[in-house]
1. Being of a type in the set (G, A, S) and touching a residue at least 12 places away in the same chain (Cβ under 8 Å) narrows it down to one of S122, S115, so name that one.
2. Residues of the stretch 44-79 being in contact with a helix residue (DSSP H, G or I) (Cβ under 8 Å, 6 or more places away or on another chain) and loosely packed, with under 15 Cβ neighbours inside 10 Å, which ones?
3. Output the number of the condition that V27 fails; it satisfies all remaining conditions of (1) in contact with a strand residue (DSSP E or B) (Cβ under 9 Å, 6 or more places away or on another chain); (2) assigned to a helix (DSSP H, G or I); (3) at pLDDT 90 or above; (4) of a type outside the set (G, A, S).
Amino acid sequence: MCLNQTGLASKQQSGLGLVGAIFVIVVVSLLSVAMSRMLEADKISQSYEILGLKALLAAESGAQLAVNRLMPPDSTGSCADRTFDFEASSLRFCQAVVSCTAIAANGEDYFTVSSRGRCDASDFTASRTVEVRLSP
């Protein structure tokens, strides 16, 4: 029987490489599973953020449309509640629900336009509200 440098028989060390390889494979697979879960959570977070931004843009667009109808450049407008459904590809599945209230103070009419933008995407829904106050 041959002894190696540490004084142990060579037959006792023959399985150490296999155990080390299995350990490395397990550690690397656990790291890859953890990383894929983190990427999935990041993807969902970005979807929420994009949908929230679309809802904000829908609310702003609804407020701008309502102000344009309240104070058109060539005639007199009306303060009325409206709902706008957007057909553009960037705001598809979004709508803006706009309410308008008029308040008279010191002989002036002041208007408050409140626009609530809402966007739906399968199982996600986001809504944002924009409020504009103006006097003609």
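1. Values: S122 fails: touching a residue at least 12 places away in the same chain (Cβ under 8 Å).
So the residue among S122, S115 that is of a type in the set (G, A, S) and touching a residue at least 12 places away in the same chain (Cβ under 8 Å) is S115.
2. Narrowing the stretch 44-79 to residues in contact with a helix residue (DSSP H, G or I) (Cβ under 8 Å, 6 or more places away or on another chain): 54, 57-58, 61, 77-79.
Passing the criteria: only S78.
3. Unmet condition: (1).
The values are calculated or read from the model by the stated rules, or taken from the named source; none is laboratory data. Bear in mind that the values here come from a model prediction, so they are computed numbers and not experimental data. Please note: Cβ atoms are built from the backbone with ideal geometry, for glycine as well, and neighbour counts cover all protein chains shown.
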